[in-house]
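Q: Below are the structure tokens for one structure; questions will follow.
The values are calculated or read from the model by the stated rules, or taken from the named source; none is laboratory data. This one's a predicted model, so the numbers in the text were calculated from it and none came from an experiment. Here the Cβ positions follow ideal geometry from the backbone for every residue, glycine too, while neighbour counts run over all protein chains shown.
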């Protein structure tokens, strides 16, 4: 016997255990889009006069975000540009970049592809071959953020939207607690950060209250033709351990991820006050980008790899 939607008599396609609700396609899509728009409004992520960049990897979250942002930006007459990064991961990234390219074409969104090889001089696959290195994901995250910030600024964009969902947020919060890095948490949140500087493009996260599973279901219902799968280097990351831990907790105690996120949001302002020194950030003496030290993390990592751009 088919399970019925909690809002109507239609056939349910998804069950939301944290709310004990079943939704048909229509009511799930309505709920999903309403929650994203509410998040954008609550944190004033998009305003008149903004120029928005969307970091689009080609995965379910970034493509879903792109589709929703297109509607929001069009209604506000705010320019939207998609940015994708090719990290150089053979057998993986080319497929997702094709998804990103095709969705941008369908939506009529300008699309710019940036590459590790061109911007940094080395690919993720080449990094993985080095014997003396940290986990591959450590380099990838730093280099990708550096590339996106620089490109967005040079394109005249003042905000960069990233497809971080609720799962990503809960994982990040827990990881920073486990690593005893509250100063990183102070910079984390749905939009912006502690420091305002012309060299730093503010991040916004429209999907921050959307569970990963729901983002996947939404992309399927909307026929986005996403190729599901994780990066082949994901198993190396500390985040993967935290992801499994939180998923187990969520399975037994529905709503755990929301509670982790909401607990963080209740103390975020206090963290911001404590760790905001009001100091003007430095510019890296090697690459000229913003840094908390004389040499930024990107340049230090390249030195550790004994690689010079």
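Q: With the structure loaded, tell me whether residue 26 is within 24 Å of residue 154 (Cα to Cα), surrounded by fewer than 17 Cβ atoms within 10 Å (Cβ to Cβ) and in contact (Cβ under 8 Å) with a residue 12 or more places away in the chain or whether it fails that test.
A: Considered against the rule, which asks whether it is within 24 Å of residue 154 (Cα to Cα), surrounded by fewer than 17 Cβ atoms within 10 Å (Cβ to Cβ) and in contact (Cβ under 8 Å) with a residue 12 or more places away in the chain, residue 26 comes out as no.
Q: Let me ask another. When only residues in the range 250-262 that are touching a helix residue (DSSP H, G or I) at 6+ places or on another chain (Cβ under 8 Å) and within 13 Å of residue 173 (Cβ to Cβ) count, which is surrounded by the most Cβ atoms within 10 Å (Cβ to Cβ)?
A: Among residues in the range 250-262 that are touching a helix residue (DSSP H, G or I) at 6+ places or on another chain (Cβ under 8 Å) and within 13 Å of residue 173 (Cβ to Cβ), the one surrounded by the most Cβ atoms within 10 Å (Cβ to Cβ) is 257.
Q: Please work out which residue is modelled with the lowest pLDDT, limiting yourself to the range 194-232 and to residues that are over 23 Å from residue 71 (Cα atoms) and in contact with a strand residue (DSSP E or B) (Cβ under 7 Å, 6 or more places away or on another chain).
A: Across the range 194-232, the extreme among qualifying residues is 197.
Q: Quickly run through the range 48-68 and pick out the residues that are exposed (fewer than 15 other Cβ atoms within 10 Å of the Cβ) and out of contact with any helix residue (DSSP H, G or I) (no Cβ under 8 Å at 6 or more places or on another chain).
A: 49
Q: Across the range 269-294, which residue is nearest to residue 177 (Cα to Cα) among those that are at pLDDT 85 or above and buried (at least 16 other Cβ atoms within 10 Å of the Cβ)?
A: Looking at the filtered set, the residue picked out is 271.
Q: Would you confirm whether any residue within the range 248-256 is closer than 19 Å to residue 42 by Cβ, in a helix (DSSP H, G or I) and at pLDDT 95 or above?
A: The answer is no, given that none of the residues of the range 248-256 is closer than 19 Å to residue 42 by Cβ, in a helix (DSSP H, G or I) and at pLDDT 95 or above.
Q: Which condition number in (1) at negative phi; (2) in contact (Cβ under 8 Å) with a residue 12 or more places away in the chain is the one that residue 229 fails?
A: It is condition (1) that residue 229 fails.
Q: Ok, one more. Looking at the range 67-100, which of its residues are without any contact (Cβ under 8 Å) to a residue 60 or more places away in the chain and under 14 Å from the mean Cα position of the chain (by Cα)?
A: 82, 84
Q: Another question, if that's okay. Taking residue 106, is it within 18 Å of the chain's Cα centre (by Cα), within 26 Å of residue 45 (Cβ to Cβ) and surrounded by fewer than 19 Cβ atoms within 10 Å (Cβ to Cβ)?
A: No.
Q: Moving on. Can you tell me which of 289, 236, 273, 294 is farther than 20 Å from residue 167 by Cβ and touching a helix residue (DSSP H, G or I) at 6+ places or on another chain (Cβ under 7 Å)?
A: 289
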